[in-house]
Structures are given as C-alpha cells and as structure tokens.
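Just so you know, all these numbers are worked out from the coordinates, no wet-lab data involved. Note that the structure is predicted; figures quoted are calculated from it, not measured. Methodologically, a virtual Cβ is constructed for each residue, glycine included, from the backbone with ideal geometry; neighbour enumeration extends over all protein chains shown.
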Amino acid sequence: MTAAEIATTHEEIRALAAEREAVILAHNYQVPEVQDVADYVGDSLGLSREAASTDADAIVFCGVHFMAETAAILSPEKTVLIPDPDAGCSLAASITADQLREWKAENPGAVVVSYVNTTAEVKAESDYCCTSGNAKAVIEAIPEGREILFLPDMYLGLWLERVTGRKLRIWLGECHVHAGIRPQDIERWQAEAPDAELLVHPECGCASQCMAFGNGRTHILSTEGMIRFAKESPKNRFLIATETGIIHRLQKEAPEKRFEAVSEKAICRYMKMITLEKLRDSLRDWKHVVTVEPEVAEQARGAIDRMVAIS
Ligand code: 13P
Ligand code: SF4
C-alpha cells in the first residue's frame with residue numbers, strides 16, 4: 001500500500017469504528033499501519049486489561065485468536081471481532097484441553113498455571129492464568145510447597161524457575177518464532193554492540209541462559225516491559241530479542257533512540273495475517289465474531305481474574 005492509500009484506509013477505519021462504537025486493540029507485533037490506527041497498542045496483559053475496562057460496544061482485536069478469545073471471556077456482553085480468524089499461535093496449539101486433563105490426572109492436587117497463550121478450553125482447566133508481564137508474581141503468589149504445573153512454554157517455565165527459585169513441572173511447548181532466536185544470535189550481537197542494552201522476551205530459547213550473562217545490560221521483559229524500559233533508560237542503543245513488529249512501536253515511543261532486532265527472521269506469520277484491509281472489512285462487514293461457550297468462558301474467567309487480582 002502507498003502512503004496515500006494507508007492514509008485513506010485509516011480514515012475509513014476511524015469513521016467505521018466511530019459509527020460502530022468499536023474500540024481497536026492491537027498487539028505490539030502488528031504491522032505498523034495497523035498499530036498506527038489502533039486506539040490502544042500493548043502486550044497481552046495490557047490488552048486484557050483494556051478489553052475488560054472499555055466502554056465501547058465492540059472490540060476489534062488485531063492480534064492472534066487466543067487474545068481475541070481472552071477479550072471475549074472478559075467482556076461477554078460485548079461483540080469481539082478478529083479481522084482474520086485463522087490468525088493462530090503455534091504455542092497455544094502445543095497443548096489441548098484433553099492433554100491438560102491427562103496431565104492433571106497424573107499430578108493430582110497440583111496447581112495449574114497457564115500462560116495466556118492458550119485456548120479458552122485450556123484456561124478453563126487452569127487455576128491461574130499469567131502473561132509474560134506478571135508470570136513471576138503469579139508463581140510467587142502460590143504458597144511454597146504446592147506443586148505447580150506450568151504450561152505451555154518451556155522456556156518461560158525455565159526462566160521462571162530461575163527467577164523464583166521454585167521447582168515447576170513444565171510442559172514442553174514452544175513458540176517457533178522465539179525458539180528460533182538462538183544463543184549464537186545473542187552472542188554475536190553482544191560482541192558487535194558492547195554499548196547496547198539487550199532486551200529479551202522470556203519465550204526466547206535463550207532467555208534463562210541470557211540471565212547467566214550477569215553483565216547488567218541484559219533484561220528479560222514482556223513486550224510492554226521492553227517499551228517502558230527503553231523509554232526510561234538513560235541508554236541510547238538497544239538490541240531486541242523478540243518478534244520484529246515491536247521495533248515500530250519502540251521507535252515511535254522513543255524516536256531519539258536506536259533499536260536493532262537480534263534476528264530479522266523473528267517474524268510471526270500469524271500476527272502478520274492481520275492487514276489494514278482485513279481490519280476495515282471486519283468493521284464494515286461485522287466479521288469475524290469470536291465467541292466462547294458460556295460454561296467454558298465462566299471457568300476460564302476464574303483463572304484470568306485470579307491473575308488480574310495478583311498483578
Ligand atoms: P507479550 O504478552 O509479552 O506481548 O507476549 C505475547 C506473545 O505472544 C509473545 O509471543
Ligand atoms: Fe504465538 Fe509465537 Fe506468534 Fe507470539 S510470536 S503469537 S507466541 S506464534
């Protein structure tokens with residue numbers, strides 16, 4: 001799309017959103033032109049909070065399916081739309097509700113903590129939900145001595161073991177995008193840019209190893225945590241180990257600073273399925289409505305509410 005086409009489509013989208021009394025929420029990994037037309041851009045935690053508190057009649061969710069589902073769980077009285085219903089998540093797909101039920105049966109009495117990147121059915125089988133922004137606080141809120149099943153991201157789980165000192169039973173799931181950011185990528189950059197701060201998402205395969213650097217310039221953060229850190233830091237150069245869509249947001253929030261992706265290949269094709277045209281069509285044609293079975297939603301809400309109460 002040319003700059004003029006983007007501007008025209010933005011105008012169309014804003015007019016439709018006003019007419020439909022809809023709020024547009026976008027994740028930090030969305031393409032720049034979608035981020036730029038959204039009412040709110042953020043991480044999973046911020047987007048859940050926004051979905052729960054908005055006064056709008058409808059939410060158009062520019063992100064992946066589990067995020068829109070979470071919004072539908074938190075705001076059952078609102079219409080939640082996703083511009084492309086096929087925008088999935090390889091991590092959320094790594095465990096089904098049946099697999100979780102089996103795992104629970106093998107570990108009776110254990111507390112189940114599910115990362116937000118899960119389906120509504122998996123959340124409904126969980127005691128707590130968590131995001132990268134509050135996972136540490138959620139684990140720390142569970143009494144010492146209770147056995148914890150953590151799912152589905154093994155790297156986030158390993159990192160949590162290190163920062164909380166707790167032993168977890170961890171599901172062996174991964175996000176193909178973050179698992180693809182290799183320790184070698186990080187090491188190369190550490191050598192090439194000794195003046196830069198390194199911001200690493202805990203889903204990265206190297207997150208817990210990175211902590212061992214102990215150099216004071218490596219920080220494990222959620223996507224919104226990266227934005228906050230970069231804005232507040234007195235430093236000017238940052239290496240970013242997560243999906244590359246966040247670079248646009250970082251540059252917008254801290255235009256005077258320099259941001260470089262540790263791996264240019266870290267692109268989530270699911271996040272990129274949401275385009276400006278699909279967003280416009282979604283508002284215009286009122287599609288694709290995301291719904292969750294009421295009983296599933298009610299049980300899943302319990303796990304999300306317990307998370308929100310902690311963080
Ligand atoms: P954040 O909650 O940190 O934005 O992460 C969501 C996600 O899908 C990471 O891949
Ligand atoms: Fe899922 Fe990974 Fe994409 Fe995040 S980056 S939405 S975890 S596939």
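Some observations on this one:
- Relative contact order %, the range 99-205, counting alpha carbon pairs below 8 Å whose residues are six or more apart: 22
- Each of PHE61, PHE259 was scored by other Cβ atoms within 10 Å of its Cβ. Arranged with the fewest first, they read PHE259, PHE61.
- Loop-resident GluC sites (Glu not before Pro) (DSSP state other than H, G, I, E or B) in the range 243-278 with no more than 13 further Cβ atoms inside 10 Å of their Cβ: GLU256, GLU264.
- For the range 157-247, the spherically averaged projection of the C-alpha convex hull amounts to 6.2 nm².
- Calculated log₁₀ intensity ratio I(q)/I(0) where the Debye formula runs over C-alpha points of the range 10-91, q = 0.26 Å⁻¹: -1.41
- Restraint check, LYS231/LYS287; LYS136/LYS278; LYS78/LYS231; LYS235/LYS265; LYS104/LYS272, Cα-Cα greater than 32 Å: LYS231/LYS287; LYS136/LYS278; LYS78/LYS231; LYS104/LYS272
- Taking trypsin sites (Lys or Arg not before Pro) across the range 88-150, the ones in a DSSP loop with at most 16 further Cβ atoms lying within 10 angstrom of their Cβ are ARG146.
- Sum of side-chain charges, ARG14 neighbourhood, beta-carbon under 14 Å (Lys, Arg +1; Asp, Glu -1): -4
- Taking Lys and Arg as +1 and Asp and Glu as -1, the other residues whose beta-carbon sits under 10 Å from that of LEU91 total -3.
- In terms of overall dimensions, the range 43-176 has a Cα radius of gyration and Dmax of 15.1, 44 angstrom.
- Note on the chain: antiparallel DSSP beta bridges, both residues inside, total approximately 5 percent of the bridges counted.
- When each of MET1, MET226 is scored by the number of other beta-carbon atoms lying within 10 Å, the sequence from fewest to most is MET1, MET226.
- Semi-axes of the equivalent ellipsoid of the range 90-169 are 18, 15, 11 Å, computed as sqrt(5λ) over the eigenvalues of the C-alpha gyration tensor in descending order.
- Relative to one another, the C-alpha centroids of the range 92-145 and the range 262-304 are positioned 21 Å apart.
- Rg in Å to one decimal, and Dmax rounded to a whole Å, for the chain via C-alpha atoms: 19.2, 60
- Largest GNM mean-square fluctuation among PRO152, PRO108, PRO202, using the chain with Cα springs under 10 Å: PRO108.
- Debye, to nearest 20: dipole size of the range 169-311, +1 on Lys, Arg Cβ, -1 on Asp, Glu Cβ: 260
- Residue order for VAL60, VAL37, fewest other beta carbons within 10 angstrom first, comes to VAL37, VAL60.
- Largest-first ellipsoid semi-axes for the range 167-311, taking √(5λ) over the Cα gyration tensor eigenvalues, angstrom: 31, 22, 16
- The chain: calculated mean residue ellipticity at 222 nm from DSSP helix runs of at least 4, using -39500 (n - 2.57): -13000 deg cm²/dmol
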